[in-house]
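Shown next, in structure tokens, is the structure this report addresses.
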Amino acid sequence: MQARFAVLGGDGIGPEVTAQGVRVLNHVAGQFDHDFSFDDALIGGVAIDTDGTALPRATVDLARAADAVLLGAVGGPKWDDPTAGVRPEQGLLGIRKELELFANLRPITVFPALADASPLRPERLAGVDILFYRELTGGIYFGDSGRSDGAAYQVMSYTTAEVERIVRLAAAAARARLGKLTLVDKANVLEPSRLWRQVTTDLVTAEYPDLDFDVVLVDAMAMYLLSRPSDFDVVVTANLFGDILTDEASMIVGSMGMLPSASLGSSGPGLFEPVHGSAPDIAGTGLANPLAAILCAALALRHSLGLEAEAAAIEAAVHTVIDDGLRTPDIAAGGASVGTVEMTDAVIAALNG
Ligand code: NAD
Ligand code: IPM
Ligand code: MN
């Protein structure tokens, strides 16, 4: 198969880890006889520095023309000045919106050999396998905002159609998994959450009555992720709640450096981004964990190219290196560790079998 990838490395460790995803994809192309090509484009702080904008038009055009987009991370202290008027994060929000990537899939997959890296007790980790569906192009992230006279506001609003389209995807995924769907909201306080609850309940009742469906308030969910994470299968939630809960859930696995995500729309290329950020504290040290970015490459093959065997081969190789004891510092629990490139070398060696 021929496929074009747009590669938006971004800032900090973004380009360091995305380069490792590209290495793995190049290897898979050779192994499975595919013709993959890669084109780089600017996003985030580096784009502000060279172009004055966090999302240059050329980047959007390149992404649109690609079969899949690999993204690293954006942001960093250099661009944190609140008076600057432009921020790297605008690039990320902008590309999600431009490509209408309304569904952000964040799988929480536990690696038993990483139990030491998680602050949770091993018995809590047994059987954890959660798939978050985070709404990605609506809600408070995209609401009207402003400031005046020492006050600030940002509006949270959702339409029925925005809720329905992501709930349908999440419900279909639940049906193909364990048949359990959990809506997380704040319907005891927020009007948009009350819309989510009504629309989701109606849709599940009408179209997915076979699902084991429940609703959990977001504050309680923050607790349940620590106390009974193995009770959840597919979780669907609004943009902001999904952002916060998945960083929390990363610690069930052991590190943000392990979590990939797939941002999908109803057509066009998907965008595949680690859940983690640009990690300015370790950028340039060569110690970033590349596994989230490598697992993003697997998700790109599965969701944008339909190459299931290749995606599964990458995931199996990641499991092999973890079982073999390779650890970047974030998952080493104080023990011996390797760097970004060595970890990727090991994944490629494992792909060779
Ligand atoms: P962060 O995810 O960058 O880092 C949080 C902690 O996790 C840090 O200690 C970091 O060293 C560690 N970490 C993250 N990824 C790692 C990896 N692959 N390997 C090893 N350790 C890793 O979050 P932050 O520090 O709150 O944010 C830094 C910047 O990143 C901010 O500008 C923020 O806006 C941005 N950000 C971008 C994205 C994205 O582009 N998708 C996501 C989150 C945050
Ligand atoms: C994420 C990040 C982004 C978000 C930021 C950097 C805009 O935290 O992808 O989780 O909040 O969506
Ligand atoms: Mn986040």
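The values are calculated or read from the model by the stated rules, or taken from the named source; none is laboratory data. All of these numbers come straight from a predicted model, not from anything done at the bench. Here the Cβ is made from the backbone with ideal geometry for all residues, glycine too, and neighbour counts use every protein chain on show.
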Filtering the range 29-51 down to residues that are of a type in the set (D, E, K, R) and touching a Leu at 6+ places or on another chain (Cβ under 7 Å), which residue is surrounded by the fewest Cβ atoms within 10 Å (Cβ to Cβ)?
-> 39
Starting from residues that are within 20 Å of residue 332 (Cα to Cα) and of a type in the set (Ser, Thr, Tyr), keep the ones in the range 279-321 and report whichever is farthest from ligand 3 (Cβ to nearest atom).
-> 320
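Yes/no matrix, rows are residues, columns are (1) acidic (Asp, Glu); (2) over 21 Å from residue 44 (Cβ atoms); (3) not assigned by TED's automatic domain parsing to the domain that holds residue 321:
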| residue | (1), (2), (3) |
| --- | --- |
| 263 | no, no, no |
| 266 | no, yes, no |
| 273 | yes, no, no |
| 278 | no, no, no |
| 282 | no, no, no |
| 286 | no, no, no |
| 293 | no, no, no |
| 297 | no, no, no |
| 300 | no, no, no |
Only unsatisfied item for residue 283, checking (1) of a type in the set (A, V, I, L, M, F, W, C); (2) assigned to a helix (DSSP H, G or I); (3) more than 19 Å from residue 272 (Cα to Cα), is (2)
Only one of (1) in contact (Cβ under 8 Å) with a residue 60 or more places away in the chain; (2) closer than 15 Å to residue 6 by Cα is not met by residue 57, so which one is it?
-> (1)
Among all residue pairs at least 6 apart or on different chains, which show Cβ distances below 6 Å where the first residue, located in the range 137-161, is within 28 Å of residue 105 (Cβ to Cβ) and the second is of a type in the set (Val, Ile, Thr) and outside any loop (DSSP other than H, G, I, E, B)?
-> 154/140; 156/140; 160/199
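For residue 339, are the conditions met, namely being within 16 Å of ligand 1 (Cβ to nearest atom) and in contact (Cβ under 8 Å) with a residue 60 or more places away in the chain?
Working: within 16 Å of ligand 1 (Cβ to nearest atom): yes; in contact (Cβ under 8 Å) with a residue 60 or more places away in the chain: no.
No; evaluated as a whole, the condition is false for this residue.
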Between residues in the range 82-99 that are more than 21 Å from residue 63 (Cα to Cα) and residues that are surrounded by 18 or more Cβ atoms within 10 Å (Cβ to Cβ), which pairs lie under 9 Å by C-beta distance while being six or more apart or on different chains?
-> 84/48; 86/48; 86/54; 86/79
Qualifying residue in the range 218-236 (condition: under 20 Å from residue 120 (Cα atoms) and within 11 Å of ligand 3 (Cβ to nearest atom)) | no
Tell me which of these residue 72 doesn't satisfy, since it passes every other one: (1) more than 15 Å from residue 295 (Cα to Cα); (2) outside any helix (DSSP H, G or I).
-> (1)
